[in-house]
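The values are calculated or read from the model by the stated rules, or taken from the named source; none is laboratory data. The model shown is predicted, which means the values in this text are computed figures rather than measured ones. Cβ sites come from the backbone with ideal geometry, for glycine too, and all protein chains shown count toward neighbours. Note: areas computed on protein heavy atoms with side chains; ligands, DNA, RNA excluded. Shrake-Rupley method; radii C 1.70, N 1.55, O 1.52, S 1.80 Å.
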Amino acid sequence: MNTGFGSWLLGMSLGAGAVGGMLGMAGSIFIVLAATTFGSALLYSISGFGFAVLAVPLFLLFLDPERAIQLVIIISTVLSIIVLRGLLPAIAPRLLLRLALGSLVGLPLGLIAFRYTDPILVRAAAGAMIFGFAILMAVSRRRSGQPGQGKHWTVFAMSPGFDLAAGAVSGFAGALVGQPGPPVLIYLLLAGAAARTVRATLLAFFALSYGVTLASHAATIGIPAPTWLAAGILIPFAFLGGLAGRPIGDRLGAEAFAMLAIALLAVAGAYTLSAAAVAFATA
């Protein structure tokens with residue numbers, strides 16, 4: 001499957017050979033990737049998070065880890081910059097700075113792991129991160145916001161040290177599996193940060209983190225021309241998903257969306273972990 005998709009992208013870059021390359025298996029993979037990009041951007045537009053969380057495990061089912069992660073990084077960089085517009089006043093600048101500094105510490109470690117880690121372990125790490133994120137969200141919602149309780153559940157108070165640590169884990173995860181968001185989002189949720197601050201700071205952090213990660217990948221590992229081309233083809237589907245998500249988010253109730261998001265994350269994480277386990281058993 002990877003060879004077919006690479007051949008199709010090469011055909012696209014050369015021009016006339018593209019029609020033949022889109023037939024059969026390669027064309028099917030493109031449809032799945034386009035649909036995944038659209039759906040992930042839809043979730044991102046509705047909730048303010050979730051593009052990489054949903055896209056990475058599905059991309060990993062059809063592409064090798066390096067190509068899948070780099071595609072998600074490129075698309076997420078562009079999408080996060082666009083979505084950030086209009087939310088700048090709500091950003092917590094000191095929190096953002098500490099998260100960014102921590103990310104710079106974790107990023108080199110993630111790049112080293114990305115270059116030398118077994119692809120099966122990368123799949124397992126992505127699945128475990130997503131599944132754990134879904135479980136923590138479910139537990140957090142159950143222990144806070146129960147009707148009539150008037151309590152807000154927090155595990156710990158935010159501090160500069162925790163901010164830096166969360167940023168470091170995020171930088172590592174961003175370089176390794178293309179998902180810097182879940183560690184920071186989990187940290188802010190468990191610390192009980194205000195919702196508007198969480199969303200604005202996360203989006204700003206995504207824009208910075210993905211931008212730095214993209215530059216680091218290009219400078220150290222290298223991003224092949226077919227990967228850039230694939231990102232350029234898939235980005236319009238991300239924009240369409242973002243536009244479609246706005247009216248859906250306005251009509252969808254908070255509780256219904258939370259249940260849907262948690263279910264999607266849990267299924268995606270469990271499926272990716274299962275796929276990694278099967279690959280490990282048959283290797």
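May I ask you to list pairs of residues, at least six apart or on different chains, whose Cβ atoms are under 9 Å apart, with the first in segment 33-55 being outside any helix (DSSP H, G or I) and the second being at pLDDT 85 or above?
As it stands, the answer is GLY50/SER40, since those pairs meet every condition given.
Can you run down the residue pairs with Cβ atoms below 6 Å, 6 or more apart or on separate chains, where the first is in segment 115-126 and more than 19 Å from HIS217 (Cβ to Cβ) and the partner is open to solvent by 60 Å² or more (accessible area, probe 1.4 Å)?
Pairs that qualify, where the first residue is more than 19 Å from HIS217 (Cβ to Cβ) and the partner is open to solvent by 60 Å² or more (accessible area, probe 1.4 Å), are ILE120/PHE280.
Kindly evaluate ILE82 against the criterion of being at pLDDT below 85 and in a helix (DSSP H, G or I). Break it down stepwise before answering.
Numbers: at pLDDT below 85: yes; in a helix (DSSP H, G or I): yes.
Yes; evaluated as a whole, the condition is true for this residue.
For segment 131-173, give me the residue count where each residue is within 19 Å of LEU273 (Cα to Cα) and either of a type in the set (Asp, Glu) or modelled with pLDDT under 80 (or both).
Count: 3.
Yes or no: segment 91-106 includes at least one residue that is in a loop (DSSP other than H, G, I, E, B) and over 15 Å from the mean Cα position of the chain (by Cα).
The first filter runs over segment 91-106 and keeps only residues in a loop (DSSP other than H, G, I, E, B), leaving 91-92.
From what's left, over 15 Å from the mean Cα position of the chain (by Cα): 91-92.
Yes, there is a match, as at least one residue in segment 91-106 is in a loop (DSSP other than H, G, I, E, B) and over 15 Å from the mean Cα position of the chain (by Cα).
Can you name the number of the only condition in (1) modelled with pLDDT under 90; (2) open to solvent by 20 Å² or more (accessible area, probe 1.4 Å) that VAL122 fails?
The single condition VAL122 does not satisfy is (2).
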